[in-house]
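Here the structure is laid out as structure tokens; the discussion comes afterwards.
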Amino acid sequence: MAISSGGGGAETPMSDINTTPLVDVMLVLLIIFLIAVPVAIQQIDELELPVLETVESKDKVENLLLTVSTTDEAGRSAGEPGYTGASRTGECRVYFNNISPVTSEELYDRAFNRLETIVERAGGVDAIRAEPELIPQVHIRADVDAPWQCVAGTIFNVQTAGYPTVGFISNPVDPNG
């Protein structure tokens, strides 16, 4: 074993790294990986997903139904003759109660007025707060090809109008086929 002694009387700081903690950490990591790797590489040979029966939702009449789509490549809206389907580059189209097309401003105004009427009919804001199930919801059905900005703009407008709950309607798909 070699011992370093200061030759000239002046002590200089030791510049060697202490490798003991480094070796300890590396050994602990090695043990962890030896245990974790066999667990991580196990595979599930066959997985069966349950097929759930779709149940009719108990929709309230007060719920607001919106459809979000876009124009097709030629600029035609849904319902017009020759409409070929929503295009990612088309203009956003929102249909109030799935029937009448509205602009962003009209959507906000109509949603706000509709909610205000429902709250007044229920007996005011305090009555709605006492029974949260009376609060209407917004259900959005968006076309697969509709850009997210169209859907996000619709969500923003109805939440700004006062609707606290926004949900999406989709077509149920059988996971096994």
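The values are calculated or read from the model by the stated rules, or taken from the named source; none is laboratory data. Given the structure is predicted, the values throughout are model-derived calculations rather than measurements. Positions of Cβ are backbone-derived with ideal geometry, glycine not excepted, and every protein chain shown enters the neighbour counts. With ligands, DNA and RNA removed, areas are computed over all heavy atoms of the protein, side chains included. Shrake-Rupley method; radii C 1.70, N 1.55, O 1.52, S 1.80 Å.
Observations, loosely collected:
- Annotation note: Cβ proximity below 9 Å between a residue of region 127-151 that is without any contact (Cβ under 8 Å) to a residue 40 or more places away in the chain and a residue that is open to solvent by less than 30 Å² (accessible area, probe 1.4 Å) and hydroxyl-bearing (Ser, Thr, Tyr) (sequence gap 6+ or interchain) occurs for Ile135/Tyr163.
- Region 148-169, residues that are open to solvent by less than 20 Å² (accessible area, probe 1.4 Å) and in contact with a strand residue (DSSP E or B) (Cβ under 7 Å, 6 or more places away or on another chain): Cys150, Val151, Thr154, Val158, Tyr163
- Against the conditions (1) in contact (Cβ under 8 Å) with a residue 24 or more places away in the chain; (2) assigned to a helix (DSSP H, G or I); (3) within 26 Å of the chain's Cα centre (by Cα), Arg110 satisfies every one except (1).
- Residue in region 87-95 that is part of a strand (DSSP E or B), surrounded by 11 or more Cβ atoms within 10 Å (Cβ to Cβ) and basic (Lys, Arg) present: yes
- Scanning region 111-168 for residues that are over 17 Å from Cys92 (Cα atoms) and among the acidic types (Asp, Glu) turns up Glu116, Glu120, Asp126, Glu131, Glu133.
- Ser57 fulfils the conditions (1) assigned to a loop (DSSP other than H, G, I, E, B); (2) at pLDDT 65 or above; (3) within 14 Å of Ile169 (Cβ to Cβ) except for a single criterion, (2).
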